[in-house]
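Undergrad: Structure in structure tokens, see below.
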Amino acid sequence: MMKFLNLFIKVLITLPVIAALFFITLSNRGVYLDMTWSPLHEAAALSLPLIIFVTCIIGFIWGSLILWSNTLELRAERRALKKQIAILEKQIDFQRMEIERQAALKQAAKNETIRISNTAQPTPRIAVPEIL
């Protein structure tokens, strides 16, 4: 639930910013800059808001890649910890089953002892003459 809320807030913030940049780009198409890509080619006239919009998109993608590369180690560590947690949970389940099995064996042995003692024949008493 928290991941969904986090994603929702990010989208709620990002979409209006992108929409505002896009509408600024569309509404200010009259401002042009001459961009020279190389000395051998003619200068190209590009809209200033378009340049700003494309620069923001490229900056967003570049920043995302940097963030992704910086968290590689943390994600690998998290995956290793998840595997370790899964192994430990399996060990706990195995130990819990072993304890339950031993308790059941003790209970069965106790019930068997009670059943044997209830069905056992009393030992006959031999009359021993009293000697003074």
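Undergrad: Need the list of lysines near Lys82 for cross-linking: C-alpha distance under 23 angstrom, and skip anything on the same chain fewer than eight residues off.
TA: Excluding near neighbours in sequence, the set is Lys3, Lys90.
Undergrad: If we sort 25-32, 43-50 on the protection proxy, mean other Cβ atoms within 10 Å, highest first, what's the order? All intermediate terms of the calculation are to be shown ahead of the outcome.
TA: Values: 25-32: 11.9, 43-50: 14.0.
Final packing ranking: 43-50, 25-32.
Undergrad: A follow-up question, please. How would you classify segment 12-70 from its alpha-carbon gyration tensor, with a ≥ b ≥ c the square roots of the eigenvalues: rounded for a/c under 1.5, else prolate if a/b is greater than b/c, otherwise oblate?
TA: It is oblate, given that a/c is not under 1.5 and a/b is not larger than b/c.
Undergrad: Taking R0 as 22 Å, what FRET efficiency do you get between Lys83 and Phe4 from their Cβ-Cβ distance, rounded to the nearest 0.05?
TA: Efficiency at R0 = 22 Å is approximately 0.30.
Undergrad: Still on this structure, I have one more. Among all the lysines, which ones have a C-alpha under 22 Å from Lys106's C-alpha, if same-chain residues fewer than 8 places away are not counted?
TA: Partners found: none.
Undergrad: Quote the FRET efficiency, to the nearest 0.05, computed for Glu100 versus Arg75 with a Förster distance R0 of 41 Å and r equal to the Cβ-Cβ distance. The partial results should precede the final answer.
TA: Numbers: r = 37 Å, r/R0 = 0.91.
Working from the Cβ atoms, E equals 0.65.
Undergrad: Straight-line reach only, C-alpha to C-alpha below 16 angstrom: list the aspartates and glutamates that Lys83 could link to, leaving out same-chain residues fewer than 8 apart.
TA: Output for Lys83: Glu73, Asp93.
Values in this text are rule-based calculations from the coordinates and carry no lab data. Bear in mind the structure is a predicted one, so any value in this text is a computation, not a measurement. With ideal geometry, Cβ positions are generated from the backbone for all residues, glycine too; neighbour counts draw on all protein chains shown.
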